[in-house]
Amino acid sequence: CGAENPPDKRFCGDCGTALGADAPPPVPREAPVAERRLVTVLFADLVGFTTLSESRDAEEVREILSRYFDTARRLIELYGGTVEKFIGDAVMAVWGVPRRREDDAERAVRAGLELVARVSALGERLGVPLALRVGIVTGEVAATPSATDHGLVAGDPVNTAARVQTAAGAGEVWVDATTRTLTAAVVTFFDAGEHVLKGKSEPV
């Protein structure tokens with residue numbers, strides 16, 4: 001069970017399992033199984049936060065990031081997404097793993113739009129200029145629904161979402177063509193054209 005026990009104990013004080021020489025051989029755990037899935041990946045990043053943090057105390061920067069991450073996690077989960085990871089001042093989230101819904105792409109886009117507004121409002125409350133930019137991409141990945149930590153998804157859509165985010169401006173949510181096709185009936189889009197993104201062989 002993972003409980004700590006003194007070295008002279010023969011049985012765990014929490015679960016009663018035999019310890020030491022009396023312990024049964026460990027049961028091998030099966031590695032999580034990956035499967036191909038169509039998912040929507042959201043990548044969001046604070047604009048100019050490195051410059052902003054240079055002139056502030058480390059504790060203040062930590063508090064700002066903590067409030068930002070809390071806001072992002074609550075909102076993403078409210079829209080049915082899963083936070084895959086926080087990287088520096090960026091957030092990566094995914095829809096379609098572990099639970100799939102027909103409107104996953106729409107949920108991701110709506111989450112992105114609200115996240116941009118919420119982070120801006122958070123900055124106003126904290127007295128700091130916070131602006132977010134978001135990239136959203138839908139595509140096939142290798143997904144591990146049983147993963148309990150990082151590593152839910154891997155594949156090109158993850159990298160592409162990060163690149164699309166870098167092309168967006170402050171306060172903007174950019175999506176790829178697949179996401180637009182899946183959500184055009186309920187979301188109004190403006191054409192951002194084709195872009196050559198780092199690491200991509202073809203314009204996106």
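Per the Kirkwood treatment, what hydrodynamic radius in Å, one decimal, follows for the chain from the mean inverse distance over all distinct Cα pairs?
Result for the chain, one decimal place: 19.1 Å.
Hey, any idea what % of the chain's accessible area is carbon plus sulfur with a 1.4 Å probe?
Carbon-and-sulfur percentage of accessible area, whole number: 50.
Ranking request for peptides 163-171, 92-100, 121-129, 133-141: highest mean number of other beta-carbon atoms within 10 Å first, then the rest in descending order.
The packing order, highest mean first, is 133-141, 92-100, 163-171, 121-129.
So between residue 186 and residue 140, what do we pick up on full extension, going 0.36 nm a residue minus the alpha carbon distance? The partial results should precede the final answer.
Values: separation 46, 0.36 × 46 = 16.56 nm, distance 2.26 nm.
The span from residue 186 to residue 140 would gain 14.3 nm if fully extended.
Per residue, how large is the accessible surface of the chain? Use a 1.4 angstrom probe and give square angstrom.
Averaged over the residues of the chain, the accessible area is 59 Å².
So what's the back-of-envelope 222 nm ellipticity for the chain, counting only DSSP H runs of four-plus at -39500 (n - 2.57) apiece and dividing by all residues, rounded to 500? Kindly include the intermediate steps, with their values, before the conclusion.
On the way: 5 runs with 69 residues, N = 204.
Rounded to the nearest 500, the figure is -11000 deg cm²/dmol.
Using Cα positions and a limit of under 24 Å, work out the lysines in reach of residue 85, with same-chain residues fewer than 8 apart set aside.
198, 200
Quick check: residue separation of residue 170 and residue 126 times 0.36 nm, minus the Cα distance between them. What number comes out in nm?
Between residue 170 and residue 126, full extension yields an extra 14.0 nm.
Positive end of the charge dipole of the chain (Lys, Arg +1 and Asp, Glu -1 on Cβ, about the Cα centre): tell me which of 97, 121, 132 has its Cα farthest that way.
Selected residue: 97.
The values are calculated or read from the model by the stated rules, or taken from the named source; none is laboratory data. From a predicted model like this one, the values you see are computed outputs, not experimental measurements. All Cβ positions, even for glycine, are placed from backbone atoms using ideal geometry, and neighbour counts span all protein chains on display. In case anyone asks, the SASA skips ligands and DNA or RNA and just uses the protein heavy atoms, side chains included. Shrake-Rupley method; radii C 1.70, N 1.55, O 1.52, S 1.80 Å.
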